[in-house]
Structure formats: structure tokens, C-alpha cells
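The values are calculated or read from the model by the stated rules, or taken from the named source; none is laboratory data. Quick caveat: nothing in here was measured; it's all calculated off a predicted structure. Methodologically, a virtual Cβ is constructed for each residue, glycine included, from the backbone with ideal geometry; neighbour enumeration extends over all protein chains shown.
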Amino acid sequence: MSKYLLKNLDYLGALLKGKAISLFLDYDGTLTPIVGRPEGARLTYQTKELLRALVRLYPTVIISGRALDDLIERVSIKGLVYAGNHGMEIFSEGFTMVFDTGSGAREELKRLNSILRGLPRSFRGVIIEDKGVTLCVHYRLLDSREVKPFAREFMEITGPSLERGLVRVTEGKKVFEVRPPVFWHKGKAVEWMLKRRGFRATWPIYAGDDETDRDAFRVVKGTGSSVFVGSAERGADFYLKAQDEVKNLLNWLKEFGRERAR
């Protein structure tokens, strides 16, 4: 079972002693609270200042299901590595990568996008987010009585594509995500980045709050530290009880890095 991080900071400090460190931070639900509409998730001034301090101390990645351009616009801090669409799009000053999902997947996502756009007419509160490489169908604002019929209709639309292996569907916090049928996720993206200059031979600390972050937890197991935001989590080394505790971790990492630099 994972350890409550704020009561085990001395343990984490001992674990990190003598190690080069890298940071991988999820965006929604980790750096920002979960909100009803995706466009409402903005970093606080305090969190931005902490990130600016951390990027001077450690190689730091913001890794998210959001589209890369959206992520860069929201964070906009020089020196960070940005990994959008679960790491299928990566941009930094030192390296970039765009995962080739194939023309068939791109065409199928385009076709499904045009059909899924009709869902908000039947289910008020559903939001369709086209992220280029993936599609998100948010239903956080949907009346709870409508969730089951909405889910049935969503699966009726996407089911044939799923059966034919043209897309895959994952589920997060009140969101369905339609993705290309490729073996790439946040964990594979972390593996890829840990081979890049600046990240090689580091001890990665990965913090995230969602199902999609578990792939990364598995990748860093034994060679890094994982932090689940929200509750105790068997797959993570540590946990925080709520999103607003993330700032405690970031502050601790800032002071830990500065003390070591002295």
C-alpha cells in the first residue's frame, strides 16, 4: 500500500539522497483542480511560480491528455518539457516527438468526431473536445439520470469502430476518450523521455491522479517514485489526499533542490 507522502517526506528525502532527479507532473487534477469545463482549468499564480523555480532545479515535464498546443498555452513556462495527448506529442527546447498514429486512425477519428458532435443536442452538458490525435467526450456537467443512456449511445456510436480495431476507448473522471489503436501511453512516453539528454540516469518522480497515470507508475516502479493524487493507491509509492496538497510536494521539492545546490 502506498505511503501518505506528507508524513513521509523524510523518507523520500533519504531515498533521493545522492540521486539526480527528474519530475513528471500531470496537469488536470494534479496541478489544477478538476473543473466542469476543460477550458476552466488554469494554473494559479502560486503554482506557476513553483514550476518556474522547479524547472531551474530539475528536468521537468508537464504530461497530460490535453492537446500539446493547449498545454503550452496554459502553462507557458520556458524550459519545461510539454507532453500532450498522453505523450503522443512532445515538445521541448532540446527534443521533440510526434507519434505517427497512421492515416487510417486519423480518418476514423475524424469520422467519429462528426457523429459525436450530435451528442450534446440529446444530452445537455456533454462536451466534445477535439484534440487532433484524440477525442474527448466529457460528461461531468450531465444530469446523473442521463449518464446511463448517454453511455449507451456513446458505445453504440463507437462500438463498430472498436470491434474493427480502428480506435480504442479509455475512461477517466467523467470522460470517455477515443484514441488511435496504438500501443502508446504516458508510461511509454516517460520511458522515451528518460532516454533523452538531461533525463538519462535520473530518478523520476511522477505525480498524477487518473487511470491514465497508472501506466507511468508501472514504468517508474523501482527506478523512480510515483505519487497518486486523491487517495491511497496500491500501484503508487506515495499518495496525497487531495489536489490542493500537491503544492506541499512542489514546495518541498523546491527547498530540497535548493538545499542540495548549496
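Observations on the model:
- Scan of the range 93-107 for residues that are touching a strand residue (DSSP E or B) at 6+ places or on another chain (Cβ under 9 Å) and either in contact (Cβ under 8 Å) with a residue 24 or more places away in the chain or aromatic (Phe, Trp, Tyr) (or both), ordered by number: 94, 95, 97, 99, 101, 105
- If you go through the range 175-216 and pick out every residue that is of a type in the set (D, E, K, R) and assigned to a strand (DSSP E or B), you end up with 2.
- The condition (being surrounded by fewer than 14 Cβ atoms within 10 Å (Cβ to Cβ), closer than 21 Å to residue 40 by Cβ and either in the same structural domain as residue 64 (by TED's automatic domain parsing) or not aromatic (Phe, Trp, Tyr) (or both)) is satisfied by just one residue among 140, 124, 111: 124.
- Breaking point among (1) surrounded by 15 or more Cβ atoms within 10 Å (Cβ to Cβ); (2) free of Cβ contacts under 8 Å to residues at least 40 places away in the same chain; (3) not in a loop (DSSP other than H, G, I, E, B); (4) not polar (S, T, N, Q), for residue 43: (3)
- Residue count, the range 243-262 (criterion: modelled with pLDDT of 95 or more and in a loop (DSSP other than H, G, I, E, B)): 0
- Single unsatisfied condition, residue 224 versus (1) in contact with a strand residue (DSSP E or B) (Cβ under 7 Å, 6 or more places away or on another chain); (2) modelled with pLDDT under 95: (2)
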